[in-house]
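The values are calculated or read from the model by the stated rules, or taken from the named source; none is laboratory data. Remember, it's a predicted structure, so these values are computed and weren't measured experimentally. Here Cβ is always computed from backbone atoms with ideal geometry, including for glycine, and neighbour counts include all displayed protein chains. The area values use the complete protein model at the heavy-atom level, side chains included, leaving out ligands, DNA and RNA. Shrake-Rupley method; radii C 1.70, N 1.55, O 1.52, S 1.80 Å.
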Amino acid sequence: MEKKVIYIYDSTLRDECDRLPTVPGRASIVTDLVNSYELLKSGNVTVVPSVPATYDELRLFHSSAYLDFMKAYKEDDVGFEDGEEDEFGLSYDCPLLPRLYTLVQALAGGSITAANLLAERKCDFAINWFGGWHHAQRDEAEGFCYVNDIVIAIQTLTRSFTKILYVDLDVHHGNGVQNAFELSSKILTLSFHKYSPGFYPGGGNVDEVGSRRGKYFSLNVPLRDGCSGKTYLRCFKEIFPRVFRAFKPSALVVQCGADCINGDPVGQINITTKDMGECIKDVLNCNVPTLFLGGGGYNPANTARYWTYLTSLITNQPIDNDIPDCSEYFTKYGPTYELHIDEGCQRDFNTDEYINNIISTVTNYCKLIESECKQI
């Protein structure tokens, strides 16, 4: 039976995302490539405009103090005390921006809109490539993320789904989401990420498993430098199914950060779009309502390639490897002008011994999760 897919898009949401300082214009490039392949014209796909998040919806995770500061901020405002923005993480990697509260409403609104449609059983899969900001904390911006739309979307889903599995495929550890649900046994967070000295955000080792009632419901797969597609797929294909079987979620939320793709200047890892596509195929085969979100991705052309390819998989529409020459940004895809990219050639520091240990450790956690779930 053909799956119903909701695709979140409207020009206001796109324009708001385009002014993010770390990924300027990226939303337009992604939108253009998806449209160039005509992926949104299929009968099983419905394009739905985003509804900006309300204050009460943002409060599902963020503190009033943080929201009120952003709401009160004006570009030419001199009414704040010097350094007050630092208290809320609004400097350095998350600088104050004009109409910041409007931006936050848009970023969160797309994921909330998608979550509501899933909760109402209006679709099987929902896509919001404009979301996926997994580092923001309750009281502050962090790691290019001004709002944690993922946590709010998951909170929205809990009104219809009893157990939710969050899978983070960004190259960075999903620390903001893990922190939010560290004490919960109803939300399991599973993060696959690069873990090496000095690499942001620094956490996410395999021994971070949550606490109290949420112990063993936070799982991490820390990967060393130079991870190859072979290594990544081995980890994912051995760990994800075991976690799914142990936890038995009623819904999935998957963060598909594109900084895990070869050629990203921040991620600096070897993996290809096809590698990650194999992971998404496994997710789709679970046959549970799933929300797909974006995230990092600092090579705009490769990000567009990746999310366009994933859109084709989610909507079950095979597409050609040649980039359509009708794309407004066609020249950005040179010199190959192809959708798929080659694997990187960095040395993979993930030894068999290291990967075996990670898989064994997480497998043991899965046994404990299964035991805990039987008692809940």
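So for each of 338-346, 260-268 I average, over its residues, the number of other beta carbons within 10 Å; can you give me the resulting order with the highest mean first?
Going by the mean number of other Cβ atoms within 10 Å, highest first, we get 260-268, 338-346.
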Checklist outcome for this item: Simple SL model, points at 7 angstrom along Cα→Cβ for R224 and T363; separation in nm is 2.0 nm
Item to check | Whole-percent carbon and sulfur share, accessible surface of the stretch 5-373, 1.4 Å | outcome: 48 percent
Checklist outcome for this item: With the charge dipole of the stretch 5-373 built from beta-carbon charges (+1 for Lys and Arg, -1 for Asp and Glu) about the Cα centre, the Cα from L40, S28, F217 projecting farthest to the positive end belongs to F217
Next on the checklist: Give me the mean projected area, in nm² to one decimal, of the convex hull enclosing the Cα positions of the chain.
Outcome noted: 18.1 nm²
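Work out the length of the dipole vector of the chain about its Cα centre, built from +1 on the beta-carbon of each Lys and Arg and -1 on the beta-carbon of each Asp and Glu, and round it to the nearest 20 debye. Numbers along the way, then the final one.
Numbers: 34 positive and 50 negative charges, 389 e Å.
Magnitude of the dipole: close to 1860 debye.
So if each residue of separation counts as 0.36 nm, and I subtract the Cα-Cα distance between T46 and R59, what length gain in nm does that give? Could you put the intermediate results ahead of the total?
On the way: separation 13, 0.36 × 13 = 4.68 nm, distance 2.88 nm.
Taking T46 through R59 to full extension adds about 1.8 nm, to one decimal.
Using just the helices of the chain, give the 222 nm mean residue ellipticity in deg cm²/dmol: DSSP H runs with n ≥ 4 each add -39,500 (n - 2.57), and the total is spread over all residues, rounded to 500.
On the way: 11 runs with 137 residues, N = 376.
So the helix-based figure for the chain works out to -11500 deg cm²/dmol.
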Checklist outcome for this item: Ranked by GNM mean-square fluctuation in the chain (Cα springs under 10 Å), the top entry among V171, V253, V206 is V206
Checklist entry - Assigning unit charges at the beta carbon (Lys, Arg +1; Asp, Glu -1) and nothing else, what dipole magnitude in debye, to the nearest 20, does the stretch 165-273 show about its Cα centre? => result 560 debye
Item to check | Nitroxide proxy distance, nm - points 7 Å out along Cα→Cβ at T331 and N285 | outcome: 4.3 nm
Item to check | Label-point separation, R234 to R159 (7 Å along Cα→Cβ), nm | outcome: 4.5 nm
Checklist entry - Just by accessible area at a 1.4 angstrom probe, what is the order of E370, E85 from largest to smallest? => result E370, E85
Checklist entry - Heavy-atom accessible area per residue, the stretch 5-373, 1.4 Å probe: how many Å²? => result 39 Å²
Checklist entry - With every protein chain left in place, what is the accessible area of R245 in Å² (1.4 Å probe, nearest 10)? => result 140 Å²
Checklist entry - In whole angstrom, how far apart do the alpha carbon centroids of the stretch 1-67 and the stretch 106-176 sit? => result 12 Å
Checklist outcome for this item: Rounded to the nearest 10 Å², the accessible area of S36 using a 1.4 Å probe with every protein chain kept is 20 Å²
